[in-house]
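Here is the structure we will look at.
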Amino acid sequence: MERAQLQPFEACPVCGSQSAAVLVSEQDLTAESRYRDQVFKNSLPPSTPDYMLTDLTVFTNAYPARLVVCQKCGLVARDPRFAPQASIATYAQDDYASEWLAPSFEEYRAAFRTRMPELTARVGRSATVLEVGSYVGGFLAAAGEFGWRAKGVDVGRRVSNFARGKGLDVFMGQLADAHFQDESFDAVFVWACFDQLPDPRAELKEIRRVLKSRGWLFIQVPNGDCVKMLEPLARWPMLREQVWRILAYTGLGGFPYQFGYTPRTLSRLARACGFEPIVIRNRVNICESGAAPAARAIPEQMRVVNRVQFVCDLIYHVSLRTLVKGPWMEVVCRKQ
Ligand SMILES: [Zn+2]
């Protein structure tokens, strides 16, 4: 990654503040990433091909950086981050191994099949829905199986072509360029890519435009509050390895994301763009939900993820649903 494609933390995209404090130094974040890579390489059979390490040890956000926290609103950010155009170009050119696309599709479709009954209960059995960042099309395929008319948008050339090859309806490009009609969708889903959007406000406004009145918006992101809770513990030498292992297994090791939205910052952003947050809850990364195909299933990872989920759900219920500390969170909103 050339430095020219990166920009330092200048202004927080949620509150505009220019003041940020260091949460994890570049040196420590690099060491944490190396530890994560080692954990997965040691957990998977030595014969595992490199492409099966996609999104475990191989990430788009792999350049050296530190983690900072906005002093005013608490947003976590990778510093530096992609410059806006570099962000789109990087994901557009993301070159996944062709052998990876099919197993990845199966992995996502299986994970989303388990979520569909709950989603149709909220949105309705008959619905027209949109996924922003549809990747290989796992969600679109699962949504179609459950009776929804599902469209996707993704800047990635390779993944969009793959999804179209599966007969899925995918627009290749940015959401605004798809020129969907006003109020054409019952629900919009942004699974695990909202943190990559260089202009989240513009994206939310466009989502609001294409949503029907009182339409649903689901956003799943890595939880900045979990990062802020765990990272300080890793400064203690006796806890470091344990914390890094938890971060690695929950998908947060080395924080390969642009932003760590927190329940508060994401709610604030959603409200500012005309949405009413209805539910904010703990989630795990969609592909760590136990539905991974055998080649990627790591029993110890599942044990750690389940334990973390249990503790975070306990905190959630004991705090009367006010503390959402899980490694990932989901915010469900309605158009105001
Ligand atoms: Zn801020």
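The values are calculated or read from the model by the stated rules, or taken from the named source; none is laboratory data. From a predicted model like this one, the values you see are computed outputs, not experimental measurements. Positions of Cβ are backbone-derived with ideal geometry, glycine not excepted, and every protein chain shown enters the neighbour counts.
Are any of the residues in the range 210-217 closer than 30 Å to ARG66 by Cα and in contact (Cβ under 8 Å) with a residue 12 or more places away in the chain?
No: the range 210-217 contains no residue that is closer than 30 Å to ARG66 by Cα and in contact (Cβ under 8 Å) with a residue 12 or more places away in the chain.
Yes or no: SER43 small (Gly, Ala, Ser), surrounded by 11 or more Cβ atoms within 10 Å (Cβ to Cβ) and within 16 Å of the ligand (Cβ to nearest atom)?
no
Using the structure shown, decide if SER17 is touching a Cys at 6+ places or on another chain (Cβ under 9 Å) and either away from the ligand (no atom under 16 Å from the Cβ) or assigned to a loop (DSSP other than H, G, I, E, B) (or both).
Here the answer is yes, as SER17 does meet what is asked.
Taking the range 316-336 on its own, how many of its residues are out of contact with any strand residue (DSSP E or B) (no Cβ under 8 Å at 6 or more places or on another chain), on the phi < 0 side of the Ramachandran plot and surrounded by fewer than 16 Cβ atoms within 10 Å (Cβ to Cβ)?
4
Assuming VAL76 fulfils every condition listed in (1) farther than 23 Å from TYR257 by Cβ; (2) surrounded by 17 or more Cβ atoms within 10 Å (Cβ to Cβ) apart from one, which condition is it?
Here VAL76 clears every test but (1).
Residue check: is VAL22 at pLDDT 95 or above, near the ligand (Cβ under 10 Å from one of its atoms) and part of a strand (DSSP E or B)?
No.
Does at least one position in the range 51-62 carry a residue that is within 16 Å of the ligand (Cβ to nearest atom) and in contact with a Cys (Cβ under 8 Å, 6 or more places away or on another chain)?
No - not one qualifying residue is present in the range 51-62.
Given the structure, is LYS72 of a type in the set (Lys, Arg) and within 15 Å of the ligand (Cβ to nearest atom)?
Spelling it out, LYS72 is indeed of a type in the set (Lys, Arg) and within 15 Å of the ligand (Cβ to nearest atom).
Name the pairs whose Cβ atoms lie under 9 Å apart, with the first residue in the range 3-24 and touching a residue at least 40 places away in the same chain (Cβ under 8 Å) and polar (S, T, N, Q), the second in a strand (DSSP E or B) and within 8 Å of the ligand (Cβ to nearest atom), and 6 or more positions between them or separate chains?
Once the first residue is touching a residue at least 40 places away in the same chain (Cβ under 8 Å) and polar (S, T, N, Q) and sits in the range 3-24, its partners that are in a strand (DSSP E or B) and within 8 Å of the ligand (Cβ to nearest atom) give SER17/CYS70; SER19/CYS70.
Out of GLU10, GLU99, which single residue is more than 21 Å from ALA248 (Cβ to Cβ) and away from the ligand (no atom under 16 Å from the Cβ)?
Answer to the selection: GLU99.
May I ask you to list the residues in the range 39-59 that are closer than 12 Å to GLY254 by Cα and among the polar types (S, T, N, Q)?
Listed by number, the list holds a single entry, THR57.
Give me the pairs, please: first residue somewhere in the range 248-260 and closer than 16 Å to CYS193 by Cα, second residue anywhere and in a strand (DSSP E or B) and among the hydrophobic types (A, V, I, L, M, F, W, C), beta-carbon distance under 6 Å, and either six or more positions apart or on two chains.
PHE255/LEU67; PHE259/ALA77; GLY260/VAL76
For ALA192, which of the numbered conditions (1) in contact with a Lys or Arg (Cβ under 7 Å, 6 or more places away or on another chain); (2) surrounded by 18 or more Cβ atoms within 10 Å (Cβ to Cβ) fails to hold?
In the conditions (1) in contact with a Lys or Arg (Cβ under 7 Å, 6 or more places away or on another chain); (2) surrounded by 18 or more Cβ atoms within 10 Å (Cβ to Cβ), ALA192 misses (1) alone.
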